[in-house]
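The values are calculated or read from the model by the stated rules, or taken from the named source; none is laboratory data. Predicted model only: the values in this text are computed from it and were never measured. Glycine also receives a Cβ, built like all others from the backbone with ideal geometry; neighbour counts cover every protein chain displayed. Just the protein is used for accessible areas: all its heavy atoms, side chains included, with ligands, DNA and RNA removed. Shrake-Rupley method; radii C 1.70, N 1.55, O 1.52, S 1.80 Å.
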Amino acid sequence: MTLSKTLVAVLAAATLIPSVSAHAADWGIPGEFSASAALVSEYAFRGISQSDEHPALQGSIDYEHESGFYAGVWGSSVDFNDGSEATVETDLYAGLAGEIGNISWDAGVIYYAYPGANASLDYDFVELALALGYDFELFALSGAANYSPNYFADSGQSLYTAAYATVPLPYDITIDAHAGYQQIDDAAAFGADDYLDYGAGITHNFQGVDLGVSYVATNLDEPGDIADNGEDRVIFSVSKSFP
């Protein structure tokens, strides 16, 4: 699996976050830094495989201020098997998030970039994201909406709405589930009509390492590359957060 220097840099920097966070406080820099690194058996985005059913390396670096402002970068290896020459996805994001009692909210913007991909394919796109959640203590529920004025592959306006549920269990085990609906203005450019995606997973934190397995699926059933990549699948993951 070929990785671009962009993703390698993200993964390398993630391992340095504990040191950076400690020195940030000494230097008087407000806020906190964090990071993550992960290996997944397959990378699926909204139910559609982004790694051609192959494993993917992923990593993130994040900054959060007490005011609620946050910013970060997330990267993953990709393989669209379409001759695009895209080998990595790099997401840049920023926003404001906060909590009022058991209610949480988040408003931000995300820029999805695919360095190295043929420019004529117009893979890069921007989304505005809103999320609202409520923690019932025994479980948490949230809803989110992501809007793009021009979605992946120049497919026009899009809106993704989704509902999420998280259930914490004893022994550092967490169960989560979601259901989402992706609306796309230009189905021909994207390669599929509007579709539903859903899934559920379980994660266990073992000595600071998250071990997970999840099931993801869509209702795409028409022949074609996008539909084939939206087939039901089980994904395994191993991840570590810093600090």
Can you pull the one-decimal nm distance between simple spin-label points at V126 and A188, each 7 Å off the Cα toward Cβ? 2.7
Among residues other than G199 whose Cβ falls under 12 Å from its Cβ, what is the net charge (Lys/Arg +1, Asp/Glu -1)? -1
Tell me, what is the Rg over Rh of the chain, with Rh the Kirkwood radius over Cα pairs? 0.95
With a sphere of radius 11 Å drawn around the Cβ of A97, what net charge do the other residues whose Cβ falls strictly inside it have (Lys, Arg +1; Asp, Glu -1)? -3
Hey, what's the chain come to in accessible area per residue, 1.4 Å probe, Å²? 53
How much length would be gained if the chain were fully extended between Y147 and E32, taking 0.36 nm per residue of separation minus their Cα-Cα distance, in nm to one decimal? 38.6 nm
Tally Lys and Arg at +1 and Asp and Glu at -1 over the other residues with C-beta under 12 Å from the C-beta of R46: what net charge comes out? -3
Taking the Cα-to-Cβ direction at E64 and at L138 and moving 7 Å from each Cα, how far apart do the two end points lie in nm? 2.7
Tally up the carbon and sulfur contribution to the accessible surface of the chain as a whole percent, 1.4 Å probe, everything protein left in place. 61
Report the FRET efficiency, 1/(1 + (r/R0)^6), for A177 and E85, where r is their Cβ-Cβ distance and R0 is 30 Å, rounded to 0.05. 0.25
For the pair L196 and L159, how long in nm is the line joining their label points, each one 7 Å along Cα→Cβ? 1.8
I103 to V209: FRET efficiency via 1/(1 + (r/R0)^6), r the Cβ-Cβ distance, R0 41 Å, to the nearest 0.05? 0.85
